[in-house]
1. Is there a residue being under 26 Å from Pro165 (Cβ atoms), hydrophobic (A, V, I, L, M, F, W, C), open to solvent by 10 Å² or more (accessible area, probe 1.4 Å) and within 20 Å of the chain's Cα centre (by Cα) anywhere in the stretch 255-272?
2. Please list, ordered by first then second residue, the pairs with beta carbon atoms under 8 Å, 6 or more apart or interchain, first in the stretch 258-277 and farther than 17 Å from Gly40 by Cβ, second charged (D, E, K, R).
3. Can you list residue pairs whose Cβ atoms sit under 6 Å apart, with the first residue in the stretch 304-330 being within 14 Å of Leu364 (Cβ to Cβ) and the second being among the hydrophobic types (A, V, I, L, M, F, W, C) and in a helix (DSSP H, G or I)? Count only pairs 6 or more apart in sequence or on different chains.
4. Please work out if Val206 is open to solvent by 50 Å² or more (accessible area, probe 1.4 Å), under 21 Å from the mean Cα position of the chain (by Cα), of a type outside the set (Gly, Ala, Ser) and closer than 28 Å to Phe244 by Cα.
5. Please work out which residue is nearest to Glu85 (Cα to Cα), limiting yourself to the stretch 1-58 and to residues that are of a type in the set (Asp, Glu) and touching a residue at least 60 places away in the same chain (Cβ under 8 Å).
6. Does Phe360 satisfy the criteria of being more than 22 Å from Lys218 (Cβ to Cβ), open to solvent by less than 10 Å² (accessible area, probe 1.4 Å) and in contact with a strand residue (DSSP E or B) (Cβ under 6 Å, 6 or more places away or on another chain)?
7. Taking the condition assigned to a strand (DSSP E or B), basic (Lys, Arg), in contact with a Gly (Cβ under 9 Å, 6 or more places away or on another chain) and at pLDDT 95 or above, does Arg310 pass?
8. Take the residues in the stretch 35-55 that are hydrophobic (A, V, I, L, M, F, W, C), open to solvent by less than 60 Å² (accessible area, probe 1.4 Å) and part of a loop (DSSP other than H, G, I, E, B); name whichever of them is farthest from Lys351 (Cα to Cα).
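The values are calculated or read from the model by the stated rules, or taken from the named source; none is laboratory data. Note that the structure is a prediction, hence the values are computed from the model and not measured. Methodologically, a virtual Cβ is constructed for each residue, glycine included, from the backbone with ideal geometry; neighbour enumeration extends over all protein chains shown. To get the accessible areas, we keep the full protein, side chains included, count just its heavy atoms, and leave off ligands, DNA and RNA. Shrake-Rupley method; radii C 1.70, N 1.55, O 1.52, S 1.80 Å.
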Amino acid sequence: MRPFRIENYFVKHEFSAKYLLASSDCESRSIGDVLALEAGADERFREQWCGYTEAAGAPELREAVAGIYARIKADDVLVLSCAEEGIFVLYHALVGAEDHVIVETPCFESGLEVARSTGAQVSEWRRRPEDGWRHDLDDLEKLIRPNTRVLYICTPHNPMGLLMPKPVYESVMQLAGKHGITVFCDEVYREMEHDPAARLPAACDVYEHAVSLGSMSKVYGLPGLRLGWLASHDEGVLRRCQEFRLYTTICNSAPSEFLSAVALRHRDDLVRRNLEIVRKNLTLLDSFFARRGDLFAWVRPDASPIGFVRFKAARDVQEFCDDVVGKSGVMLLPGSVYDEDRHIRFGYGRKNMAEALEEFESYLRAKM
């Protein structure tokens, strides 16, 4: 596999930069904050046995995950050590050299590169900035082959922060059903719609052969727990994923499963707090982009804590981001890691974003 450009950029800057204006997760919490969500959780956590856990995930955790969905039960859930493992496991469990995969791009890099690592033929269903990032269903249909095994989509989208329009979403599911294709839907930003009324149904709730990918990291702001999951009505898919997973992490961290179950039983509290932060920060970004329209423009996100911003200046985008973090301590993510050389990913899920923007504007006043 090629180097993971997105994560390598974070490895280089995430723990040295003073301000993260590129983060894809929402504001986190302490273990004490999580335990305080539920009476008696602190004492039960101290008694948590640190032995091996069930390969599919603890029953109470799978029950809590199932509560996110309309038609999913605990047995329809496979809990994994983060969403990243879910991507790796699903592709390698389902896809081989004789198969074809379609990936909605630009995307989180592993959605594309891990598919390629299976030896399968991979086609990109590319969305383009000049089209306002719209989905071209005709293009998608032309990409389908007799051996197309998996279609990877992401909604709400990374890096754009946009929901797939409902008519497009429904058409994608119908098209996949017509050809017997497994839809692998990355939903790690689901429940972070800026207007909750716009939320799409989970893919696993509307299509028998869809697999929904979820995570504790983004919406709930608990990436340190390193927990994710796959949810699907397709028993065969989950069984094959679990069998493959026995060659990766086998099972999950018992303390992380306990804390994740507590958090998910109170996920409305977590989402409410983080959605307030996101909405407040969006107004700050609106003002900032109005002031610096000479340099930046975007299709305004309607979900998630991230957005993809067009960079208008005649400068190399990665060189610009490197200079910003080096001279101001503010980390941005260059769009070149998504093969979009004129864009920058902004993250607005953190409480200190006002300070980060202030430092960034100081840099721009001095340099641009």
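1. Scanning the stretch 255-272 turns up at least one residue that is under 26 Å from Pro165 (Cβ atoms), hydrophobic (A, V, I, L, M, F, W, C), open to solvent by 10 Å² or more (accessible area, probe 1.4 Å) and within 20 Å of the chain's Cα centre (by Cα).
2. Filtered contacts from the stretch 258-277: Arg267/Glu191; Leu270/Arg29; Val271/Glu191; Arg273/Glu27; Asn274/Glu27; Ile277/Glu27; Ile277/Arg350; Ile277/Lys351.
3. Within 6 Å, the pairs are Phe311/Val317; Val330/Val324; Val330/Ala356; Val330/Phe360.
4. Criteria met by Val206.
5. Within the stretch 1-58, the match that is nearest to Glu85 (Cα to Cα) is Glu7.
6. Here the answer is yes, as Phe360 does meet what is asked.
7. When the stated conditions are applied, Arg310 passes them.
8. Only one residue tops the list, namely Ala55.
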